[in-house]
Amino acid sequence: MAYITLKDINKIYPNGFHAVHNFNLEIEQGEFVVFVGPSGCGKSTTLRMIAGLEDISKGDFLINGKRANEMGPRERGIAMVFQSYALYPQMTVFDNLGFGLTLEGVDEDVIEEKVLKVAKILGLTDYLDRLPRALSGGQRQRVAVGRAIIRKVGIFLMDEPLSNLDAKQRVTMRSEITQIHRETGATTIYVTHDQTEAMTMADRIVCMKDGYVQQIGTPKELYFEPVNVFVAGFIGEPPMNFIRVTVKNGHVNVGGNDLDLKPRLGSKLSAYEGKEIVFGFRPEAIVLNKTENSYLMKSTVELTEMLGDNTNIYINIGDEKAILKVDPHDTPELDTEFDFYLPYEGVYLFDGVTEKVIK
Ligand code: ATP
């Protein structure tokens with residue numbers, strides 16, 4: 001039995017705005033699930049319904065098989081870390097960490113033991129006497145995480161917990177949170193708009209858009225088997241290249257490159273004759289030397305960005321634009337012709353109308 005079940009969950013705000021539509025998800029105990037999507041897609045609203053901070057308008061929410069729609073936040077056995085750390089400014093780090101336990105009436109010596117243990121895990125031992133204002137953003141974030149993990153709860157909810165940190169701190173905290181999850185084994189739901197966080201931290205990702213779940217799966221599934229143009233474009237950096245083309249005599253013209261779709265679509269090809277489709281390929285899914293089962297693509301180089309570990313090449317394919325990601329040693333000269341090969345398995349085709357992947 002799933003530990004957390006969301007069955008046809010909907011949120012309609014009092015002003016009539018329908019923020020979440022028929023959200024269905026089963027989460028196993030110990031899983032790390034990430035809700036990802038652009039701003040306003042309904043991920044925080046869903047998290048807040050799980051936390052009990054927002055009413056569920058329609059649908060069933062179960063914890064351990066028991067209906068929890070009407071349970072108060074404390075009853076649900078949930079600890080939450082918010083985007084704003086929400087630390088008590090007048091309390092020391094020690095007291096911030098221990099406060100939840102104090103409220104629960106836990107003995108002082110037990111609190112001390114637990115605070116010291118959590119402080120050690122999070123590298124806060126030397127800061128226990130400080131007030132939050134005397135800490136860096138990253139240290140404050142650690143206190144916020146510590147305050148959540150100190151309580152023995154079944155479920156951790158985190159809403160964009162790293163958004164106030166700089167890029168370097170984010171990378172560090174990302175792996176720390178993953179490590180803490182591994183150690184505590186607590187079921188975690190984590191909200192972010194950052195696909196890198198989702199890809200690196202999640203056991204499973206729930207990708208949302210406009211209040212609708214688009215796809216649920218492992219990071220690998222979303223990356224390699226996106227169900228539609230939205231997911232394909234949202235997951236991956238730089239994003240997948242998309243070029244709209246019309247199928248003519250089983251071929252498409254991608255910026256002057258005549259490509260035979262037969263090897264890619266087989267018997268499905270006839271269904272798309274005369275129709276518009278979306279031709280997609282990831283910047284990194286190309287090869288520079290001729291290989292079997294691939295399309296030759298001719299392009300010209302508009303701009304290159306050498307990033308150290310790779311180079312992004314901004315190319316023109318006829319009138320179309322695309323980005324390629326190559327080894328920095330293969331960085332081409334600007335304004336030169338650039339030929340590359342696109343293996344068939346790296347080509348994604350989507351229905352031009354529904355934007356669903358054509359398998
Ligand atoms: P962000 O990353 O910006 O926080 P989100 O995906 O978490 O975005 P939500 O905060 O869940 O999005 O909001 C989803 C939608 O619901 C948005 O369009 C938002 O404007 C709307 N919304 C949020 N709170 C309310 C409210 N109290 N009343 C009406 N609409 C609301």
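Numerical summary
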{"read-out": "Residues of the stretch 182-214 satisfying the condition of being open to solvent by 30 Å² or more (accessible area, probe 1.4 Å) and within 30 Å of Q139 (Cβ to Cβ)", "value": "R182, E183, T184, G185, H193, D194, T196, M199, T200, D203"}
{"read-out": "Cross-chain or 6+ apart pairs with Cβ under 6 Å, the stretch 62-90 first and at positive phi and at pLDDT 90 or above, then assigned to a loop (DSSP other than H, G, I, E, B) and open to solvent by 30 Å² or more (accessible area, probe 1.4 Å)", "value": "G65/M1"}
{"read-out": "Filter result for G37 (in contact (Cβ under 8 Å) with a residue 60 or more places away in the chain, within 11 Å of the ligand (Cβ to nearest atom) and surrounded by 14 or more Cβ atoms within 10 Å (Cβ to Cβ))", "value": "yes"}
{"read-out": "From N69, N24, N10, N64, residue being assigned by TED's automatic domain parsing to the domain that holds R174, within 15 Å of the ligand (Cβ to nearest atom) and surrounded by fewer than 21 Cβ atoms within 10 Å (Cβ to Cβ)", "value": "N10"}
{"read-out": "Residue ID - farthest from I177 (Cα to Cα), chosen from residues in the stretch 72-84 that are open to solvent by 30 Å² or more (accessible area, probe 1.4 Å) and not polar (S, T, N, Q)", "value": "E75"}
{"read-out": "Candidate set: the stretch 40-61, residues that are of a type in the set (D, E, K, R) and within 16 Å of M208 (Cα to Cα); chosen: the one nearest to the ligand (Cβ to nearest atom)", "value": "K43"}
{"read-out": "Considering residues of the stretch 287-321 that are assigned to a strand (DSSP E or B) and touching a helix residue (DSSP H, G or I) at 6+ places or on another chain (Cβ under 6 Å) only, the residue farthest from G346 (Cα to Cα)", "value": "M306"}
{"read-out": "Members of the stretch 300-327 that are under 13 Å from F281 (Cβ atoms) and of a type outside the set (D, E, K, R)", "value": "I315, I317, A322, I323, L324"}
{"read-out": "Looking only at the stretch 158-192, and only at residues there that are within 15 Å of the chain's Cα centre (by Cα) and part of a strand (DSSP E or B), the one that is farthest from S39 (Cα to Cα)", "value": "T188"}
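The values are calculated or read from the model by the stated rules, or taken from the named source; none is laboratory data. From a predicted model like this one, the values you see are computed outputs, not experimental measurements. Note that each Cβ is placed from the backbone with ideal geometry, even for glycine, and that neighbours are counted across all protein chains shown. Remember, those area values only see protein heavy atoms, side chains included, never the ligands or the DNA or RNA. Shrake-Rupley method; radii C 1.70, N 1.55, O 1.52, S 1.80 Å.
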